[in-house]
1. Kindly indicate which of T91, T31, T121, T85 is modelled with pLDDT of 95 or more and either surrounded by fewer than 11 Cβ atoms within 10 Å (Cβ to Cβ) or touching an Asp or Glu at 6+ places or on another chain (Cβ under 6 Å) (or both).
2. Anything in the range 53-79 that is closer than 16 Å to A99 by Cα, buried (at least 16 other Cβ atoms within 10 Å of the Cβ) and not hydrophobic (A, V, I, L, M, F, W, C)? List them, or say none.
3. Suppose we filter G29, G5, G57, G69 for residues that are small (G, A, S) and in contact (Cβ under 8 Å) with a residue 40 or more places away in the chain; which single one remains?
4. Here are some conditions: (1) among the small types (G, A, S); (2) surrounded by fewer than 19 Cβ atoms within 10 Å (Cβ to Cβ); (3) touching a helix residue (DSSP H, G or I) at 6+ places or on another chain (Cβ under 6 Å). A47 meets all but one. Which one does it not meet?
Amino acid sequence: MKFLGTFAYEALPSILAQADIGITTALPGSTFRHYATPLKIIEYMAAGLPVIASRLGQTEIIMQESKAGLLIRNSADEFAKAAITLFRDRTLYRLCSEAALNYSTAFDWNLLLEDAYQVVTRTIGETLS
């Protein structure tokens, strides 16, 4: 494991391409993490990374929907077991990676903005009618 410090956001895709897995963990009592949608999970997925994540709020929901990795409780032992599982089981690793890529496509900014544009234009059209 290596920590890179700060860098420009534009460098994120090339940095993630060097990783083997994405990790997002949080303490169970974290109210913010319970309700927040962590964008980094989607960024990990868009890079094709299987993810190890805490069983908490939106993170857990995204992980269950995507099947892009493994969920853990906030435990070093569970994290170690999940990491070993992903690295030893190459089929599982590949399936999680493929699921990650597939799930992340729905979060493409162009698609999201197009959806928002459609809602706005439909609302304006209904208002003017």
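1. Details: T31 fails: modelled with pLDDT of 95 or more; T121 fails: modelled with pLDDT of 95 or more; T85 fails: either surrounded by fewer than 11 Cβ atoms within 10 Å (Cβ to Cβ) or touching an Asp or Glu at 6+ places or on another chain (Cβ under 6 Å) (or both).
Checking each option against the conditions leaves just T91.
2. If the condition is that a residue be closer than 16 Å to A99 by Cα, buried (at least 16 other Cβ atoms within 10 Å of the Cβ) and not hydrophobic (A, V, I, L, M, F, W, C), then T59, S66, G69 are the ones that fit.
3. Just a single option satisfies the conditions, and that option is G69.
4. (2)
The values are calculated or read from the model by the stated rules, or taken from the named source; none is laboratory data. This structure is a prediction, so every number in the text was calculated from the model and none was measured. In this analysis, Cβ positions are derived from the backbone assuming ideal geometry, glycine residues included, and neighbour counts consider all displayed protein chains.
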